[in-house]
Protein chains: 2
Amino acid sequence: MNSVDRKLDDAARAAWLSHIGGMKQDEIAQVMGISRQSAQRLLSQAHAAGLVKVRIDHPIARCMGIAARLRERYGLDTCEVVPSLGGPAETGAAVASATGDMIERWLSSRSSLVMGLGTGRTLRAAIEHLPHIDCAQHRIVSLTGNIAPDGSTAHYNVLFTIADKVSATTYPMPMPVISASPEERAALIGQKTLETARGLAQRTDVRFIGVGTIADPAPLALDGFISTEDQDRLIAKGAVGELIGWVFDERGNLIEDSVNARVSSAPMGADPKEPTIACAFGPDKVAAIRAAIRGRLVNGLITDEDTAVALTET
Amino acid sequence: MNSVDRKLDDAARAAWLSHIGGMKQDEIAQVMGISRQSAQRLLSQAHAAGLVKVRIDHPIARCMGIAARLRERYGLDTCEVVPSLGGPAETGAAVASATGDMIERWLSSRSSLVMGLGTGRTLRAAIEHLPHIDCAQHRIVSLTGNIAPDGSTAHYNVLFTIADKVSATTYPMPMPVISASPEERAALIGQKTLETARGLAQRTDVRFIGVGTIADPAPLALDGFISTEDQDRLIAKGAVGELIGWVFDERGNLIEDSVNARVSSAPMGADPKEPTIACAFGPDKVAAIRAAIRGRLVNGLITDEDTAVALTET
DNA sequence: CGGCAGGATGAATAATTGCTCGTGAGCTTG
DNA sequence: CAAGCTCACGAGCAATTATTCATCCTGCCG
C-alpha cells in the first residue's frame with residue numbers, strides 16, 4: 001500500500017475519533033499509539049485533504065421565509081436560501097455547500113438519471129464539497145463547452161472535478177463555450193463523437209448552472225469568449241446576464257445577436273420541464289438572476305440571504 | 001417567533017460561520033455583534049442540538065463505525081476493522097497489516113512486558129509486516145505448541161518468524177498443539193525445561209491469537225492434530241471454533257471432549273484480565289469468531305469490514 | 001562512505017476554545 | 001410595588017488545540 005494512502009487512512013481514523021468519537025487529541029494519540037502532536041497533524045491533514053465534511057442541518061427561519069417568498073413571487077419550484085456570512089468568500093462557501101448538498105441528494109437517487117452541469121465558481125466549489133459517491137447508474141453531462149479560447153480547460157470547469165468524486169460516467173464538451181464564428185460552431189457541434197453527449201444534454205433530468213453577468217465582471221469577457229465590442233453591443237441591446245453562454249435581457253429573453261449565434265452550449269428555453277437550478281449570489285448578479293427567474297429560464301435557485309432579499313425588492 | 005427558535009437560528013448561523021465559513025469565535029462574535037462568549041455558547045448549543053453534522057469522507061469511516069458497534073455489542077475492549085479489499089488475499093494483507101501495527105505498538109512500550117502469541121495465517125503475515133524492533137526488555141512466549149504431529153515446525157508458526165524481527169527473548173513450546181493422548185500431554189507439559197515458558201504463558205500482558213474453524217477447513221484437521229472422527233464428534237457436540245487448540249461451542253464454552261483433554265496450549269478462560277486479541281476474518285470464520293467474542297474468550301478483535309458486518313447481523 | 005535535502009518528530013510556545021462564577025436585568029408573584 | 005427568582009452576560013481562568021522551531025532520521029546522490 002502506498003504511504004500517502006496509508007497516512008490518509010490514519011488521518012481519516014484520527015478525524016473519525018475526533019469528530020464522531022468525540023475524543024480529544026490526547027486520547028486519540030493514546031489510542032493510535034502516537035504523540036499528541038502527531039495526532040494533531042493527522043487531524044490537520046484530514047481537514048486539509050477535505051476528508052471532513054460538515055453540514056449545518058437547520059432551516060433558518062428567516063432564510064426559509066425569504067425562500068418561500070421568492071418561490072411564490074417567481075413561481076420557482078425549488079428555492080434554497082442560505083445565511084449571508086461575513087464576506088463573499090464565506091457566503092460563497094455557504095452557497096456552495098448548499099448546492100453540493102442538493103447535488104448529493106440527486107446523485108443519491110437509486111434510479112438512473114442524467115445530470116447536466118454548467119459552469120461557475122460556485123458550482124465548482126460545490127463539487128469540491130461533495131463526498132465520494134458511488135453512483136455508476138447516473139450520467140453527468142456538461143451543458144456547455146469545457147475549454148477556454150486558448151485551448152486550456154477553463155479554470156472554472158466542474159465536470160473534470162466531479163469525475164474525481166463520483167463514479168458516474170461523465171460526458172464533457174470539448175469545445176469553447178462560444179465559438180469564433182457560427183460556421184465553427186456548426187462544425188464543432190456537428191462532430192460525430194459528440195452525438196451522445198449532446199443527446200444526453202437535451203434530456204437531462206436535472207441541471208445545475210451558474211449565472212453570469214454581462215456588465216463587468218463578465219465571465220465570458222474575462223475568459224476571452226467575447227470581445228469588449230461584443231460586450232458593449234450586448235449591453236446596449238439590454239443584456240443583463242448569461243446562463244451557460246446564452247445571453248439574455250432583463251425579461252429573460254435571449255438576445256438576438258451574433259454572440260448567441262455562436263454559443264455551442266445545450267439549448268435553453270423558458271419553462272424547462274425538468275429541474276433547472278441556478279446557483280449564484282452576490283450584489284453584482286442580482287439583475288442577472290432576477291432576469292433568469294423572471295423569464296423562467298430556470299425553475300430553481302440556490303442563493304444567499306442578501307441576494308435573495310435584493311431579489312424580493314422592487 | 002418563539003425565542004427558542006430564534007436562538008436556534010442564531011446558533012445555526014454561528015455554526016455556519018464557524019464550520020462552513022471557517023471563522024473563529026472572535027470573528028463570529030464581531031460579525032453577529034455579540035461577545036465572544038455568547039458566540040461560544042451559540043456554537044455549543046448548535047452542537048448540543050445536533051445541528052452540526054460531521055462525516056468523514058473516507059472508506060475508513062465506515063469501518064470505524066462498525067468497529068464501535070462491535071465493541072459495544074460484544075463488550076470488546078479493543079476492536080479494529082479494516083476495509084475489505086478486492087479478494088481474500090488483499091483483505092488478509094490488510095488485516096495482517098493492522099495486526100502488525102498493533103503488535104508493534106505493544107512492543108514499542110518502554111516497560112517490560114510478556115506477549116503471548118498463538119498461531120494462524122493472519123498472525124504469521126502480521127509478523128512478516130513487522131519492522132525490525134529492538135525491544136530486549138520484552139519476552140514473547142508461544143501460547144501453543146509449535147510443532148506439527150510429524151515433528152516439523154508447523155508452517156503457520158509465528159514465534160520463529162518474530163524472532164527474526166525483534167530482539168526480544170522468545171519462548172517456543174516444542175510440542176504439538178494437541179498431543180496423541182492425555183498422558184503424552186501430561187509428560188510434555190511437565191518437562192522441566194518448559195517451566196519458564198509455561199509460567200510466562202500464564203502471565204502474559206497481551207495475547208494475539210488466531211481463530212480456527214472446526215468445520216472444514218479446520219486447521220487442526222488439516223495439520224493432522226485431530227482425526228476426521230474427532231472432527232465429526234466435535235461438530236456433533238456443537239463445536240464451532242478453536243483458539244490455540246481449545247475447542248468451543250457457539251456460546252464460547254469449551255467443549256467436554258477428549259480433544260480438549262489433549263490440548264497442551266496455555267489455558268484459556270472467559271473474561272481474560274489482560275488484552276486477548278483475536279485476529280481473523282472471512283465468511284468461514286464468522287461463526288467461530290462470534291462464539292469467541294460472545295463467550296468473552298477474547299476481549300479484542302481485528303478483522304475486516306465484511307466479517308465485521310456479518311458479526312453485527314442476527 | 002560522507003554529505004545533503006526532505007520529511008518526520010517532539011518540545012516549547014502561542015492561539016484558541018471551553019468552563020465557572022459573580023453580576024445585574026427582567027420577569028413573576030405575593 | 002418590592003422581593004425573589006431566573007437567566008443571560010461577560011470576565012477570568014483552565015483546557016485544549018495550533019504553530020513554530022530545533023533536531024533527528026532516512027533515503028539519495030556524489
Which loop-located GluC sites (Glu not before Pro) does segment A:200-287 contain, where loop means any DSSP state but H, G, I, E or B and the Cβ has at most 14 other Cβ atoms within 10 Å? A:Glu256
Taking 8 Å as the Cα distance limit and 6 or more residues as the minimum spacing, I'd like the relative contact order of chain A as a percentage. 19 percent
Which residues qualify? For B:Val240, with a placed amide H closer than 5 Å and at least 5 residues away or on another chain, they are B:Phe248, B:Asp249, B:Glu250
Segment B:237-314: translational diffusion in µm²/s, Stokes-Einstein, Kirkwood Rh over Cα pairs, 20 °C, 1.002 mPa s: 169 µm²/s
Apply the Karplus parameterisation 6.51 cos²θ - 1.76 cosθ + 1.60, with θ equal to phi minus 60°, to every residue of segment A:34-47 and state each ³J(HN,Hα) to the nearest whole Hz, in sequence, with x for glycine and proline. 10, 7, 4, 4, 5, 4, 4, 4, 4, 4, 5, 5, 4, 5
In terms of modelled amide H atoms, which long-range or inter-chain residues lie less than 5 Å from the amide H of B:Asn146? B:Met173, B:Met175
With +1 on each Lys and Arg Cβ and -1 on each Asp and Glu Cβ, how big is the dipole of segment A:58-190 about its Cα centre, in debye rounded to the nearest 20? 360 debye
tail above 18 Å in the computed P(r) of segment A:45-143, as % of all Cα-Cα pairs, reads 57 percent
Two-site FRET efficiency, A:Ala261 against A:Ala48, from Cβ-Cβ distance with R₀ of 51 Å, rounded to 0.05: 0.65
Of A:Ala12, A:Ala126, A:Ala67, which has the largest mean-square fluctuation in a 10 Å C-alpha GNM of chain A? A:Ala12
Sequence-distant aspartates and glutamates (8 or more away, or on other chains) whose Cα lies within less than 19 Å of A:Lys165: A:Asp5, A:Asp9, A:Asp101, A:Glu104, A:Glu128, A:Asp134, B:Asp57
Using the Cα centre as the reference, give the magnitude of the dipole from point charges on the C-beta atoms of the protein assembly as shown (Lys, Arg: +1; Asp, Glu: -1; all else neutral), rounded to the nearest 20 debye. 1040 debye
The exposure ranking of B:Val286, A:Val95, B:Val114, fewest beta-carbon neighbours within 10 Å first, is B:Val114, B:Val286, A:Val95
Would you look at the GNM of chain A, springs on alpha carbons closer than 10 Å, and say which of A:Leu194, A:Leu243, A:Leu70 moves the most? A:Leu194
Taking a quarter of the surface of the Cα convex hull of the protein assembly as shown, what do you get in nm²? 34.7 nm²
Between B:Thr169, B:Thr78, B:Thr196, which gets the highest mean-square fluctuation from a Gaussian network model of chain B, Cα cutoff 10 Å? B:Thr196
Could you work out the relative contact order of segment A:90-157, using alpha carbon pairs under 8 angstrom and six or more residues apart, expressed as a whole percent? 38 percent
What trypsin sites (Lys or Arg not before Pro) does segment B:62-132 have in DSSP loop regions with at most 12 other beta carbons within 10 Å? B:Arg110
Across every pair of different alpha-carbon atoms, what Kirkwood hydrodynamic radius in Å does chain A reach? 20.7 Å
I need A:Lys273, B:Lys165 ordered by Cβ neighbour count within 10 Å, fewest first. A:Lys273, B:Lys165
Could you tell me the relative contact order of segment B:1-132? Use alpha-carbon pairs under 8 Å, at least six residues apart, and round to a whole percent. 16 percent
Lys/Arg +1, Asp/Glu -1 at C-beta; segment B:188-314 dipole; positive extreme among B:Ile209, B:Gly238, B:Ile189: B:Ile189
Evaluate the Kirkwood expression for the hydrodynamic radius of segment A:6-101, namely the inverse of the mean inverse distance over all pairs of different C-alpha atoms, and round to one decimal in Å. 15.9 Å
Only bridges whose two residues both fall in the protein assembly as shown count here: according to DSSP, what percent of them are antiparallel, nearest 5? 35 percent
What distance in nm separates the simple spin-label points at B:Arg36 and A:Asp150, each placed 7 Å from Cα in the Cβ direction? 4.5 nm
Can you sort A:Glu305, B:Glu195 so the residue with the fewest Cβ neighbours within 10 Å comes first? B:Glu195, A:Glu305
How far apart, in nm, are two points set 7 Å out from the Cα along the Cα-to-Cβ line at A:Lys7 and at A:Ile20? 2.3 nm
Inside 10 Å of the C-beta atoms of A:47-57, what's the mean count of C-beta atoms belonging to other chains? 6
Full-stretch length increase - A:Asp271, A:Arg110 - with 0.36 nm per residue and alpha-carbon distance subtracted: 55.3 nm
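Where a number appears in this text, it was derived from the coordinates with a stated rule and is not lab data. Model, not experiment: these values are computed from the prediction. Cβ coordinates were reconstructed from backbone atoms using ideal geometry, including for glycine residues, and neighbour counts include every protein chain displayed.
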